[in-house]
Every structure is written in structure tokens, then in C-alpha cells.
Amino acid sequence: MKSFLSMMISLALIMFLVAPSVRPQTYTPAELQQIAKTKNKVAKLGSGSQVKVLVRLEGGEMLKGYVKSIAAENFILETSEGPQEISYFQVKEIYKKPSTGQIAAVVGLSGAAAVGMLYGVGYLLRKCSACMGP
């Protein structure tokens, strides 16, 4: 029994030493540039529950949440399903989620611009006798 156990340990050590080591994935210069851009964008947005973000992954999946922590190779996104570790290489796009106030301001300004344009067209049509016909 002891010889069998020592033989198994020896075999395991030999396999460990002979087995090919796992090398990290190498990236092209364009991919490295995209990873650096994503890292900078995540760092600029910051982390914390006050900063809500939208993350579009390379596969097309869209994630919503906040950046819980930032690391050298990835970041942790806290979503409604729980924390997800996301590699910078997986990210196609990341941006801050617009707040309700920002959305309301855009809708309000768009509506005001439309009303102003209609008023201007109506004013010009009333003043333009050639536009009204004979």
C-alpha cells in the first residue's frame, strides 16, 4: 500500500513538472488599445453604488448595474442577479446610465423646440402674402 501511494505521488509530481504550462492569452495591438480604452473609461466612471452604468459585451449582451471594484485585468459589476466579473476584453461599450432628470430634460427641451418651430412657421405663413396665394 505504501509503495502504491508513493508511486502515485511520484507520478503526480512528474506529470506536474512535464505538463505544459498555461500561457496567458496574447492580444493584437488593436485589442490592447481597446482594452486600454475600456480600462480608462471604467476608471473615469469610478466605482460605487451611486454610479449606475450600462455595459454592452462583445456577444451583444447588455448588463446594468454599478462597478463594485476595479482590478488590473477585470472589474466586478454588481447587477440585479449578483456580482459578475467582467474582463476588459469582453467589453464592447460602457457608459453611465442616464438619470431620470437627464431624460426629462431632453424630452422637455425637444418638446419646446418643436413648439417653437411650429410657432415660427405659423408666424411666417401669416406674414407672407405670396405664400397664402391670390
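The values are calculated or read from the model by the stated rules, or taken from the named source; none is laboratory data. Just so you know, these numbers come straight off a predicted model, no measurement behind them. Here the Cβ positions follow ideal geometry from the backbone for every residue, glycine too, while neighbour counts run over all protein chains shown.
Observations on the structure shown:
- Looking across segment 92-110, just one residue is at pLDDT 80 or above and farther than 30 Å from Leu32 by Cα, and that is Ser110.
- Test: residue in segment 84-91 that is out of contact with any Cys (no Cβ under 7 Å at 6 or more places or on another chain) and either more than 17 Å from Leu32 (Cα to Cα) or not assigned by TED's automatic domain parsing to the domain that holds Ala43 (or both): yes
- Condition broken by Gly120, with the remaining ones in (1) under 16 Å from the mean Cα position of the chain (by Cα); (2) part of a helix (DSSP H, G or I); (3) modelled with pLDDT under 80 satisfied: (1)
- Among the residues making up segment 34-90, those that are surrounded by fewer than 12 Cβ atoms within 10 Å (Cβ to Cβ), in a helix (DSSP H, G or I) and not hydrophobic (A, V, I, L, M, F, W, C) are Asn40, Lys44.
- Pair list, Cβ < 7 Å and 6+ apart or interchain, from segment 56-76 residues that are at positive phi to residues that are assigned to a strand (DSSP E or B) and surrounded by 11 or more Cβ atoms within 10 Å (Cβ to Cβ): Gly65/Val53; Gly65/Leu77; Gly65/Glu78; Gly65/Thr79
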